[in-house]
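As structure tokens, the structure follows; a few thoughts come after it.
The values are calculated or read from the model by the stated rules, or taken from the named source; none is laboratory data. Source: prediction; values computed, not measured. Here the Cβ positions follow ideal geometry from the backbone for every residue, glycine too, while neighbour counts run over all protein chains shown. For the accessible areas, the whole protein counts, side chains as well, though only heavy atoms, and no ligand, DNA or RNA atoms are used. Shrake-Rupley method; radii C 1.70, N 1.55, O 1.52, S 1.80 Å.
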Amino acid sequence: VSFVERIRGAAARTLGRAARVLEIRSISPHVVRLRVQGAAVRRLVFAPGDKIKLHVGDGQLRSFTPTAVDPSAGVFEIVVHVHGDSPTARWLAARQADDEVRFLGPASSVQGPRAPLPWAAFYGDETTIGLAEALAAALADGTPWLGAIETRPEDAIAVAHLSLRSVVRTESHGPGLVAHLQGATLPPGPGVVWLSGEASSVLALRESALARGIPRDRLCIKPYWSLAGTAHRKRLERTTLRA
Ligand SMILES: Cc1cc2nc3c(=O)[nH]c(=O)nc-3n(C[C@H](O)[C@H](O)[C@H](O)COP(=O)(O)OP(=O)(O)OC[C@H]3O[C@@H](n4cnc5c(N)ncnc54)[C@H](O)[C@@H]3O)c2cc1C
């Protein structure tokens, strides 16, 4: 844990907003929906695509995307991909209703739809289920919404409620999503395509979208994590993915 992370963690413990676990529910073997409630949530100003930073113990903060925030009920919800024996996985496994949750934010991250769109598309993985829900809710009623979310076979059930195609991961992250994008029938007009999830997959999707003739300014790109680690994700974000 770096010095900066320790400082952030101390800030989360002392300055972060406090709320309580309202509900914690597995929606598939590796996907958990966490609902949080507290007076602090009533004061939040949230835009679809914003992130929060959750304190997952030992001063560690991790980014998550509220699916929705209901200030009147003081409730927000996130959908977490639980992988391996990570700090988030350990923290979630130990949580139960009424436990304290501390978080920072929300802060802006992914730009949601600014105006009514002729169509919108979304490509992502298990970490982007919350983002897909937030964006879908922000689209004007009736906006055509297409695309796919890639999961392990046993987690496909976690995306069944979204009107996006479920792509089952076979060997590596990304190829199934790229194949879907290459074959997708895109409605006419200047639609917007959101690309998120694993960083190298996002890079491959960006290439594929550009090759299909979708202009760069109609791609909203946000890698959420990288198989090659956080430094790799941040480097790609600063360089190739920005272009
Ligand atoms: C703006 C933003 C919003 C995000 N919103 C969400 C969200 O709503 N839901 C969500 O589930 N995630 C979301 N993420 C991704 C999440 O923050 C990372 O996956 C984070 O690393 C998870 O923390 P951890 O403690 O589980 O693993 P870490 O300890 O941070 O990761 C350890 C290693 O595991 C690998 N790893 C990280 N994440 C995954 C993964 N998902 N699958 C497989 N291997 C992984 C990496 O190689 C990493 O180096 C978001 C990320 C960003 C930047």
Near pairs, Cβ below 9 angstrom, 6+ apart or cross-chain, from region 164-180 (among the aliphatic types (A, V, I, L, M)) to any residue that is assigned to a loop (DSSP other than H, G, I, E, B):
168/152
Residue 73 fails exactly one of (1) at pLDDT 95 or above; (2) not in a loop (DSSP other than H, G, I, E, B), namely (2)
Could you run through region 21-48 and say how many residues are touching a strand residue (DSSP E or B) at 6+ places or on another chain (Cβ under 8 Å), farther than 23 Å from residue 93 by Cα and touching a residue at least 40 places away in the same chain (Cβ under 8 Å)?
4
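Just the residues that are of a type in the set (Phe, Trp, Tyr) and near the ligand (Cβ under 7 Å from one of its atoms), please, taken from region 52-97.
So the first thing to find is which residues in region 52-97 are of a type in the set (Phe, Trp, Tyr), and the list is 64, 76, 91.
Answer for region 52-97, where residues must be of a type in the set (Phe, Trp, Tyr) and near the ligand (Cβ under 7 Å from one of its atoms): just 64.
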Looking at 121, 89 in this structure, which one is assigned to a strand (DSSP E or B) and modelled with pLDDT of 95 or more?
121
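Can you name the residue in region 145-175 that is closer than 25 Å to residue 191 by Cβ, open to solvent by 60 Å² or more (accessible area, probe 1.4 Å) and part of a loop (DSSP other than H, G, I, E, B) and is also modelled with the lowest pLDDT among such residues?
Let us first name the residues in region 145-175 that are closer than 25 Å to residue 191 by Cβ, namely 145-151, 159-167, 173-175.
Pick out the ones that are also open to solvent by 60 Å² or more (accessible area, probe 1.4 Å) and you get 160-161, 163, 165, 175.
Remaining after also requiring part of a loop (DSSP other than H, G, I, E, B): 160-161, 163.
Numbers: 160: 95, 161: 94, 163: 91.
Only one residue fits best here, namely 163.
Of all the residues that make up region 213-227, how many are surrounded by 13 or more Cβ atoms within 10 Å (Cβ to Cβ) and more than 7 Å from the ligand (Cβ to nearest atom)? Walk me through it before giving the result.
Of region 213-227, the ones surrounded by 13 or more Cβ atoms within 10 Å (Cβ to Cβ) are 214, 218-227.
From what's left, more than 7 Å from the ligand (Cβ to nearest atom): 214, 218-221, 223.
Number of matching residues: 6.
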Selection status of residue 142, within 23 Å of residue 181 (Cα to Cα), more than 18 Å from the chain's Cα centre (by Cα) and either part of a helix (DSSP H, G or I) or not hydrophobic (A, V, I, L, M, F, W, C) (or both)
yes
Where the second residue is more than 15 Å from the ligand (Cβ to nearest atom) and assigned to a loop (DSSP other than H, G, I, E, B) and the first is touching a residue at least 40 places away in the same chain (Cβ under 8 Å) and lies in region 89-103, which pairs have Cβ atoms under 8 Å and are six or more apart or on separate chains?
101/38; 102/16; 103/16
Condition test on residue 102, is it open to solvent by 40 Å² or more (accessible area, probe 1.4 Å), touching a helix residue (DSSP H, G or I) at 6+ places or on another chain (Cβ under 6 Å) and farther than 19 Å from residue 220 by Cβ?
yes
